[in-house]
Structures are given as structure tokens and as C-alpha cells.
Amino acid sequence: MKQIRLSKCSTNEEEKKAVCKILDNEYLGMGPEVVKFEEDIKQFLELKDREVVCVNSGTSALQLALSVLGIGYDDEVLVPSLTFVASYQAISAVGAKPISCDVKDENLLMDSADVEKRITSKTKAIMPVHYASNPDGMEEIYKIAKKYNLRVVEDAAHSFGSIVGKNYVGSKGDIICFSFDGIKNITSGEGGAIITSDLDLVDKMRDSRLLGVIKDSDKRASGKRSWNFDVTTQGYRFHMSDIMAAIGRVQLKKLPDFAKKRKNLCTHYNHKLTNIQNIQLLLKSVNDVCPHIFVIRVRNNHRKGLIKYLNDKGIQTGIHYNANHLLTYYKTNYQLPITEKASKEILTLPLHVDMDIEDVDYIVTKIEEYFEKNI
Ligand SMILES: *Cc1c(COP(=O)(O)O)cnc(C)c1O
């Protein structure tokens, strides 16, 4: 039987060769390859007056950003409940409290009206999430941030390669965090990156990502290390290794092809699924989006049945995400109606670059079959 995975990375001989080259160097830690990856990202995203800091995961990127902003105990960070738990963990890891916000029904992005309602004297930052790679709605978020003097840390884990206005995500905004984990738009094995034009923060992040050792990043880039160093802040072991950077550099070159493939698959899904009753499309157009996940909403309590039917036909599906404000550790004493309803309806269908149009046709046929049998 056909088996279609929900998501997977796509690597070949090129990534293997790049990793072997690093192994041959016999230096596997953070070194010149990481610097090159940061430069490559800067060029690819056409960043002006902004820097890239690579770390070992998207979660570390978020945590490091909050940490160098001085956000910690007794501070509050506003975050949409409909996100990967990593966004929440990054906030609580620095000692701050994630304040759960609702999303908008039409695109499942953070609802700025709900955000504004939850601002207190303890609020220090807003962490919007580019859900399903959609970077829309940032203008409203930045308007609020400006009004209340808050920082913005964008969780752009889904949206590497997406376009906002005429430029890539990362080319504007306060602090933008990407993930390069195994199933994201590009991967470095595990990894992440932070982009900002705040050069003071860049210096702090470069030190903090490797145990707070001052200026150690620069030294390691030229194969040296610091022995007599000072430490002035809390640091972390969040740096990226040259092995990861080598994978990331190859993947970055493939991104334009990956993006095209992902867009084509989503466009085909959208075209085929438009007229199925009980199915609502999330993103009707993916022109400016480099889609990480393909999310639909399944109406009238059909989700559970559909998941089982597809699973029996060899089709993996996912749920991005269950509401975080309902988890024991992050439980709120208030409700978020849009999030709660959406999280019961959303379903993620397979999307990765090793799929083809025929796979989408097969999946849609099976969805149609399910609804023929279960009206
Ligand atoms: C993947 C992801 C992260 C975390 O990235 P990792 O590299 O897996 O640590 C954070 N937020 C969202 C929305 C994600 O999808």
C-alpha cells in the first residue's frame, strides 16, 4: 500500500558531501562554516543593516532573543495559544510568563485586538507566530508594540522563504527567529537563526550563545579560542556546529526549488479541495508564502473519522496545534474561543518536497471517498 508521510526532510549526496568535508577538517564545533552560513543567509534574504546569528534550534533562537532583551522573572510575553509548545517553553525558560492570546478565525494568526486587551505593566514583548508560513498582520502587531513600548520577537519558524511586501521575511521587523529543524522549509539537521538590526543585541547573542564568553564567536571563526576570558551575563550552550551549518548551506541553495515545489503542491491541494463540503481551506493563495504545512479545517465533527480513514490508507496527518493554554503547565483561567474551536477542526495534510502531484491526487481521492461514505 502507498505510504505518504506528513513531513520529511529532503537531502541527498550534496549534503553528505558537505558533512564529510567538515568531518575531514576534524573540527566539528562552531567555526568558519557557521560564519559562512550566516553570510549566505544574509545574502539570500537580501538583508541590509541586519545581522544573522545561528544557533542550535529554533527554540534556542527564541529563548536567546528573550534572554538578551533582559526578559525574565515576573515579566510577561504575549503569544498566540495556537503554536508549537516551543514558543511557550522558550518564554518560560527565561523565567517569564507566556500570556496566551487568541487568533483570528480567517487565518489563525494572532488577534491584535485580543493582544491589546492582555497588556499589563508586566508585559515586555509580543511573540507573534507566522502560522502556516503566513507573515501577515505584522503591521497591527508593531502598531501595538510601539504604542506600549514593547519588543517584538517573531516566531518565524514556519516562514523561512516567505515574502512580506516585496521582501523576504527577516528583512524587516524587530527580532525574527527561524527554525531549521529536520522538517522545516530548509534544515541544518537541527538549527535556528535570529535576525535583527539591533547590533547591540547581536553582540550579546553572539556571546550568550556560547556560555557568555566574550567575543569567543569571532575567535572560533578563525580557528582560535579564548583562554583568558571574562563573562558578564548568563550564557547558554546554543551555538550551531560546523556540521549543521554545512547541511544548512546546501539546503539554502535548494530553497528556491523547494519553495516552488511546496507552492505547487499546495495550489493543487487548494484547487482539488475547494468544492468538498465540510472542508475549509486555510490559505487560498500561496503566492507569497513558502508553505511549511498544509492546513485545512474539517467541519461538523468529521476530523476524527477522517484522520482514521486516511491513516488506514497509508496517509499520515497531523494537528498543528492543540491549544497551549489548555496544557497543565500553561493553563489559563480564561477561554480563547477561536483557538479552542479551531484546534478541534484543523488538520494538516502531507506536504514535503519529495511528494508529487499524484500523491496530492491520491490524498484528495481518499478524502472524497471518506465523505461519500460518511454523510
Ligand atoms: C519548529 C518550531 C519551533 C521550534 O523550532 P525547533 O528548531 O524545533 O526548536 C518554534 N515555533 C514553531 C511555530 C515551530 O514550528
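Nothing in this text is a laboratory measurement; each read-out follows from the coordinates by a stated rule. Please read all numbers here as calculations on a predicted model, not as lab measurements. In this analysis, Cβ positions are derived from the backbone assuming ideal geometry, glycine residues included, and neighbour counts consider all displayed protein chains.
Positive end of the dipole of the stretch 210-312 (Cβ unit charges, origin at the Cα centre): among ILE279, GLY248, ALA259, the Cα lying farthest that way belongs to ILE279. If you run the Gaussian network model on the chain, springs between alpha carbon atoms under 10 Å, then out of THR59, THR233, THR328 the most flexible one is THR328.
Coupling constants for the stretch 89-103 follow from the phi torsions by the Karplus curve (6.51 cos²θ - 1.76 cosθ + 1.60, θ = phi - 60°), and in residue order they are 4, 4, 6, 6, 5, 8, x, 8, 10, x, 9, 6, 10, 7, 10 Hz; glycine and proline get x. Near GLU154, the amide H atoms lying under 5 Å from its own belong to ILE175, ILE176, CYS177; only residues 5 or more places off or on other chains count, and H is placed 1.01 Å from N. Among MET127, MET138, sorting on how many other beta-carbon atoms sit within 10 Å of each Cβ, with the fewest leading, yields MET138, MET127.
A Cβ-based charge dipole, computed about the Cα centre of the stretch 194-326 with Lys and Arg at +1 and Asp and Glu at -1, lands at about 740 debye. If every alpha-carbon in the stretch 148-291 counts as one equal scatterer, what log10 I(q)/I(0) does Debye give at q = 0.12, 0.18, 0.19 1/Å? Here the Debye-derived log intensity ratios amount to -0.64, -1.13, -1.21. For the chain, a crude dipole built from +1 on the beta carbon of Lys and Arg and -1 on the beta carbon of Asp and Glu, taken about the Cα centre, is about 440 debye to the nearest 20. Expressed in Å, the radius of gyration and Dmax of the Cα atoms of the stretch 38-133 are 14.5, 40. Close amide-amide hydrogen proximity is noted between HIS320 and THR348, each under 5 Å apart and 5 or more residues distant or on a separate chain (H modeled in the peptide plane; Pro and chain starts excluded). With bins 10 Å wide beginning at 0, the percent of Cα pairs of the chain falling in each bin runs 5, 24, 31, 25, 12, 3, 0, 0.
The helix-based estimate of mean residue ellipticity at 222 nm for the chain, built from -39,500 (n - 2.57) per DSSP H run of four or more residues and divided by its residue count, is -12000 deg cm²/dmol to the nearest 500. Given the options ASN134, ASN167, ASN275, state which has the largest fluctuation in a GNM of the chain using a 10 Å cut-off (strictly under) for Cα springs. The residue with the greatest mean-square fluctuation here is ASN275. Electrostatic tally near ALA323: other residues with Cβ closer than 13 Å to its Cβ, Lys and Arg +1, Asp and Glu -1, net 0.
Spin-label pair LYS147-ILE163: with each label point 7 Å from Cα along the Cα-Cβ axis, the two points sit 3.1 nm from one another. Using only side-chain charges placed at the Cβ, +1 for Lys and Arg and -1 for Asp and Glu, the dipole size of the stretch 288-375 relative to its Cα centre rounds to 720 debye.
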